[in-house]
Amino acid sequence: MKLCYFEDSGVDFLEPIALTRPAFDLWCGARKLSDRQADAFAADERGAWIRPHLVDFFQGNLPGWAINDPAWLKSDVVMVNGRWLPPQEFRLENVQPHVGMLEGEPAYVVLPKETVAEHDTVDDWLRHCMKTLPATPVGGQFVRFLWDVVDRNGEFLTQDDAWFVRSRKLQDKLPASITVLGSAEALRVEESATVEPYVLIDTRGGPVLIDRGAVVHSFSRLEGPCYVGPETMVMGAKIRSGSTLGGHCRIGGEVEASVIQGYSNKYHEGFLGHSYIGEWVNLAAATQTSDLRNDYGPVRLTVNGQRIGTGRTKIGSYIGDHTKTGLGALLNTGSVVGAFCNVLPSGTLLPQIVPSFSQVQYGQV
């Protein structure tokens, strides 16, 4: 089956992480949204229709994919919304033209007669499909905001345990110097990964998944469910449940219920909680994120220029690609920091809103 991911206007509310990547490139659990959707549709060929400014970069990042290619869309393609999290049991049975609908929005479109390339915008094409094709209700969930990913990350990590066992070659025997609280069978270590002596693994809350080439240094504590991505180094850190560490990171200090996209550095002490961090981010020593108001009230933050109530008391920081913090930076609850920012400490809480390509100095943007 040919599967083409598309982005609708809802991607604007996934900033700052989606400023520099398609929605389907976000992590949820130990896999990205695109991999979950490919499994759900049993796809053997993949393509994407994404925002124009992302095309050149992702054509290099996704070799073999057809990116914004109208000719590729002409035959037997299922178009899937990059923000859709399909239910675990989903399998496509109806291959006749139709729209899979969830909460009044298209989750996917099967064999459309008119491709997205024939319309001015993706949303125009979707409205046309909803008018001209039969609708089928589907389950699952749309990722509407980044906190949707963070909130459900632990649940999907637990689901990914079986997938990890199927798709990885695991170590048969672990060093006796590792302490496991809970079931040792819920600790999954890929054959090329290294877990040094005197690491404590707590699987009582869910599986701990350690991927290819990862290294967990002595005196680290990992609480399941959590995932350590390929080539990532955990440097004497405390990794709390619900956390996903993407590939090629260096992680120290304390991380709780957070997602790190990859290639990012948090080597030193400091707290990161209920947050989503992009790629090539450097969190300097003693950078702290607040994820709870001191009056325990629900957190409001600004996304896509709109002030939004999350309805949640635990919201940390969302930080875009290539952003750096200085020593001792203090990030307020519900902070949204764009891409390519330089955030310098001020001795007090820093602004909640930092636009992309900005510098924060003396507490001012």
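Based on protein heavy atoms only, the chain ends up with 42 Å² per residue of surface accessible to a 1.4 Å probe. Taking every C-alpha pair closer than 8 Å and separated by at least 6 residues, the mean separation divided by the residue count of the stretch 189-254 gives a relative contact order of 27 percent.
Three semi-axes describe the equivalent ellipsoid of the chain; taken as square roots of 5 times the Cα gyration tensor eigenvalues and ordered largest first, they are 34, 26, 17 Å. In the chain, the longest principal axis of the Cα atoms and the axis of helix 146-167 are about 90 degrees apart. By accessible area, using a 1.4 Å probe on protein heavy atoms only, the stretch 213-365 has 53% of its surface on carbon and sulfur. A simple packing score, the average count of other Cβ atoms within 10 Å per residue, orders the peptides 74-85, 351-362 as 74-85, 351-362, with the highest score first.
Here the stretch 1-155 has an Rg and Dmax of 14.3, 40 Å, counting Cα atoms alone.
Axis of helix 122-132 versus longest Cα principal axis of the chain: the two differ by about 50°, to the nearest ten degrees. Our coupling estimate for the stretch 35-52, obtained by passing each phi through the Karplus curve with A = 6.51, B = -1.76, C = 1.60 and θ = phi - 60°, is 5, 5, 5, 4, 5, 4, 9, 6, 6, 10, 8, 10, x, 8, 10, 10, 4, x Hz, Gly and Pro reported as x. For the chain, a simple Cβ point-charge model (Lys and Arg +1, Asp and Glu -1, everything else neutral) yields a dipole of about 580 debye relative to the Cα centre. With the convex hull drawn over the C-alpha atoms of the stretch 206-365, the volume per residue is 99 Å³. The DSSP beta bridges internal to the chain are antiparallel in roughly 25% of cases.
Projecting the Cα atoms of Ser220, His322, Leu245 onto the dipole axis of the chain, where Lys and Arg carry +1 and Asp and Glu carry -1 at the beta carbon, places Ser220 farthest toward the positive end.
Cα centroid separation, the stretch 232-261 to the stretch 282-309: 19 Å. Net charge in the neighbourhood of Val116 (other residues with Cβ under 13 Å of its Cβ; Lys, Arg +1, Asp, Glu -1) is -4. Every Cα-Cα pair in the stretch 15-102 was counted, and those over 14 Å apart are 68% of them.
Of the peptides 318-329, 154-165, the ranking by mean beta-carbon count within 10 Å, highest at the top, reads 318-329, 154-165.
Structural descriptor for the stretch 271-365: relative contact order 26 percent, calculated from alpha carbon pairs under 8 angstrom and at least 6 residues apart. In the stretch 133-232, inverting the average of 1/r over every pair of distinct C-alpha atoms gives 14.7 Å as the Kirkwood radius. For the stretch 285-365, the alpha carbon positions stretch 30, 26, 19 Å along the principal axes, listed from largest to smallest. Antiparallel versus total DSSP beta bridges in the stretch 228-365: what percent is that, nearest 5? Around 15 percent of the beta bridges assigned by DSSP in the stretch 228-365 are antiparallel ones.
Taking every lysine pair in the chain that is 8 or more places apart or spans two chains, those with Cα atoms closer than 28 Å amount to 21. Within the stretch 167-269, the trypsin sites (Lys or Arg not before Pro) that combine a DSSP coil assignment with at most 13 other C-beta atoms in a 10 angstrom radius are Lys169, Lys173, Arg204. The Cβ shell under 9 Å around Arg240 holds other residues with a net charge of -1, Lys and Arg each +1, Asp and Glu each -1.
The values are calculated or read from the model by the stated rules, or taken from the named source; none is laboratory data. Quantities reported herein were computed from a predicted structural model and do not represent experimental measurements. Positions of Cβ are backbone-derived with ideal geometry, glycine not excepted, and every protein chain shown enters the neighbour counts. Note: accessible area is taken over every heavy atom of the protein model, side chains too, but ligands, DNA and RNA are not part of it. Shrake-Rupley method; radii C 1.70, N 1.55, O 1.52, S 1.80 Å.
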